[in-house]
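The values are calculated or read from the model by the stated rules, or taken from the named source; none is laboratory data. Remember, predicted model here, so these are calculated numbers, not experimental data. FYI the Cβ positions are ideal-geometry reconstructions off the backbone, even for glycines, and counts take in every protein chain you see.
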Amino acid sequence: MLAAAAVVAVEGAALIGLALLDVGLTAFADAGSVPLALSTALLLAVFGGILLLLARGLRGLRPAARSPVVAFQLLALPVGWTLISDNGRPELGLPVLVLAVSVLVLLFGTAAARDALTRERPPED
């Protein structure tokens, strides 16, 4: 479970890093649309922060963290594929795909990981 939390933390940190890079490029370059660039950076930072919080939840074995993490990874799969196929940017899309698939495998690939995040069900009467 710690491995999945670490990969999710890397994803969150990468998004925050991209947000900072976007702000830097906007400040030192001729951006076509400053509001669009800054709103994109804000969105990247927010999603990065959410992923860091979710990584903390996974590290603490909180079952409530698993569903949003899975949702993020499932959303990352078509993003990575689009970067590779339609945009011709495999250097960006391949890491997105590898990280998303890695997290999904780490969360569902072993019985220990599934058991660690299983919500306890109340006993049936």
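Tell me which residues, restricted to the stretch 21-36, are assigned to a helix (DSSP H, G or I) and farther than 30 Å from A6 by Cβ. Across the stretch 21-36, the qualifying residues are T26, A27, F28, V34, P35, L36.
When restricted to residues that are farther than 14 Å from E11 by Cβ and aliphatic (A, V, I, L, M), the stretch 76-93 contains 2.
Within the stretch 10-46, being closer than 26 Å to P68 by Cα and either among the acidic types (D, E) or crowded, with 18+ Cβ neighbours inside 10 Å (or both) holds for E11, G12, L15, I16, A19, D22, A41, L44, A45.
Conditions tested, residue by residue: (1) out of contact with any Cys (no Cβ under 6 Å at 6 or more places or on another chain); (2) in contact (Cβ under 8 Å) with a residue 40 or more places away in the chain; (3) over 17 Å from A116 (Cβ atoms).
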position	(1), (2), (3)
E11	yes, yes, yes
G24	yes, no, yes
G32	yes, no, yes
I50	yes, no, yes
A65	yes, yes, no
V96	yes, no, yes
V101	yes, no, yes
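Of the helices (runs of 4 or more DSSP H) lying entirely inside the stretch 49-125, the ones with 2 or more residues being among the charged types (D, E, K, R) are found at 111-116.
Considering (1) free of Cβ contacts under 8 Å to residues at least 24 places away in the same chain; (2) touching a helix residue (DSSP H, G or I) at 6+ places or on another chain (Cβ under 7 Å); (3) more than 15 Å from L61 (Cα to Cα), the lone condition that G88 does not fulfil carries the number (2).
Restricting the stretch 66-125 to residues that are among the aromatic types (F, W, Y) and either at pLDDT below 95 or closer than 21 Å to L54 by Cα (or both) leaves a set whose member that is surrounded by the most Cβ atoms within 10 Å (Cβ to Cβ) is F72.
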